[in-house]
Amino acid sequence: MGFRSQNKLFKQRRGRLAIWYAGVMGGILSISALGMYEAIAHAHRITIDREVESVAGTLHDSIEPLLKEPGKLEPEINQLLPNLCLLTAPCFHNTIDNQRHIASKINLSDNYYIHFVNISGELVAIAGNFIPASVRLTETEPKWYTLKDNQNIRYRQITLPLHTKNNQDWGYLQIGRNQSDFDDYVGAVRWIILVGLPLIMLLVGIASWWLAALAMEPIYQSYQQMQQFTADAAHELRTPLAAVGATVESSLQLPSLNEDEARCTLEVVQRQNNRLSQLVGDLLLLAGMERPDLPVATGELIILQDIVNDIAEELAALAREANVELVVDFNLSSELQVRGNEAQLYRMVANLVTNAINYTPREGKVTLILDRCHGFALIKVKDTGIGIGMKDKSRIFERFYRAGEDRSRKTGGFGLGLPIAKAISNSHGGSIEVESELDKGSTFTVRLPIYSTTHKNLSSC
Ligand code: ADP
């Protein structure tokens, strides 16, 4: 089960993390949406300006050669712009085929209007039906204007100076384009962003909540492991301390202590003290193994045959006592060398062999095998013991885990032997694995990288 329903602190942290995620992602998304909107609007502005400029240029170039007198429009211009309205005369629409006129070619009547303004700023003629009320028609500067009519339709207008054929100043040509089609499109984009953004923010919020849980999960797991470890360590420390406390208390309650009783009490204290020292030593070793700066890779050169032989010799008495046969089986032509810490490697193999002896019934056999495979040295500890069940196999490398408290109790172990072995093999760049069958026996295999690169002659694995 996750931490969601369990821990207030983690729930609060998750909430804060989710708010941060949502805030940052929402901010980035909003800025992106704003940028996208601006880019679209800008592209439209440029498109409309180019179109108006090109239409205005064409008209200007077509009209100028027809102008003779400043402020006066020649009848030929009426032919060019069939819907032209002179303000000094009634509107005049001739019947010449529109297709032949430049204005009809550019669909002037639909989207465009044209104003002819004389040099004194008076409107002379218009084509199209828009006369902007809000802006004086005499405005000839700046070149570009955006105007609005009373229906709020926007027009983009350009003003170009007109000259007669003889290069006299005639006045100005103002051409405007109704930009409602572009405004509608940009308006639709704005609506999509306004409606879509809150929806996206909602999704971002949900995703952030989920992502925050994902990010916190490993932290919560290590927090739980730490809590479990503290509880287990306290539990293991309590047992010897309680034993010492009870022994000392019962001794103190006696009116007097003879030498045997005092010795007995001290022996209990010593035994429990040894246990405590061993536990603290193991914990310190494990804590030390977790430091990432351990210089194992550059450690001393160790010959594995020596370690295995030494352990077999050292634990021979324990095996004899347990009535278990302890044999060494390696048939290697050369030394197997690894780099690392000799004391730690010794401890690792000793833990495995001690376990094998402890968990093998009388008359059983423990075999220590040394081999080499694909650049790795293999140390195998094989026994004909009680074996490990499937359920326990995945957990025996956890700290303080003991498969079946009752069978471990008599060995007096803390459940730290295998975690220590695993930590040592890991810190030497190796690994440890177990194969086991209940009531048949177990084989623990440690793989360590061989130091020497000259041993290319690999045996089958
Ligand atoms: P302990 O100190 O209890 O032996 P370990 O970490 O060394 O702790 O081992 C963890 C558990 O794995 C033990 O409690 C034991 O049940 C099981 N185990 C380890 N080695 C063997 C083995 N060779 N055969 C059967 N069970 C084993």
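Okay, residues lined up against (1) basic (Lys, Arg); (2) exposed (fewer than 11 other Cβ atoms within 10 Å of the Cβ); (3) in contact (Cβ under 8 Å) with a residue 12 or more places away in the chain:
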residue: Leu194; (1), (2), (3): no, no, no
residue: Leu202; (1), (2), (3): no, no, no
residue: Ser208; (1), (2), (3): no, no, yes
residue: Pro218; (1), (2), (3): no, yes, no
residue: Tyr223; (1), (2), (3): no, no, yes
residue: Ser277; (1), (2), (3): no, no, no
residue: Asp282; (1), (2), (3): no, no, yes
residue: Leu286; (1), (2), (3): no, no, yes
(request) For residues that are more than 8 Å from the ligand (Cβ to nearest atom) and without any contact (Cβ under 8 Å) to a residue 60 or more places away in the chain, scanning just the range 346-361, find the one that is farthest from the chain's Cα centre (by Cα). (result) Pro361
(request) Being in a strand (DSSP E or B) and in contact with a helix residue (DSSP H, G or I) (Cβ under 8 Å, 6 or more places away or on another chain) is the filter; apply it to the range 374-395 and report the residue that is nearest to the ligand (Cβ to nearest atom). (result) Asp383
(message) Return the residues of the range 419-444 that are in contact (Cβ under 8 Å) with a residue 24 or more places away in the chain, surrounded by fewer than 19 Cβ atoms within 10 Å (Cβ to Cβ) and within 13 Å of the ligand (Cβ to nearest atom); say none if nothing qualifies.
(response) Val434, Glu437, Leu438, Asp439, Lys440, Thr443
(request) Identify, from the list Ser180, Ser251, the residue that is surrounded by 14 or more Cβ atoms within 10 Å (Cβ to Cβ), more than 30 Å from Leu84 (Cα to Cα) and of a type in the set (S, T, N, Q). (result) Ser251
(request) Tally the residues that are within 7 Å of the ligand (Cβ to nearest atom) and either more than 21 Å from Gln272 (Cβ to Cβ) or modelled with pLDDT of 90 or more (or both), restricting the search to the range 396-414. (result) 5
(request) Filter the range 312-362 for residues that are under 20 Å from Gly417 (Cβ atoms) and among the aromatic types (Phe, Trp, Tyr) and give the result. (result) Tyr346, Tyr359
(request) Test Arg320 against the stated conditions and say whether it is out of contact with any helix residue (DSSP H, G or I) (no Cβ under 6 Å at 6 or more places or on another chain), of a type in the set (Lys, Arg) and surrounded by 15 or more Cβ atoms within 10 Å (Cβ to Cβ). (result) no
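The values are calculated or read from the model by the stated rules, or taken from the named source; none is laboratory data. Everything numeric here is computed off the predicted structure, so don't read it as measured data. Because the Cβ atoms are built from the backbone with ideal geometry, glycine has one as well, and the counts that use them run over all protein chains shown.
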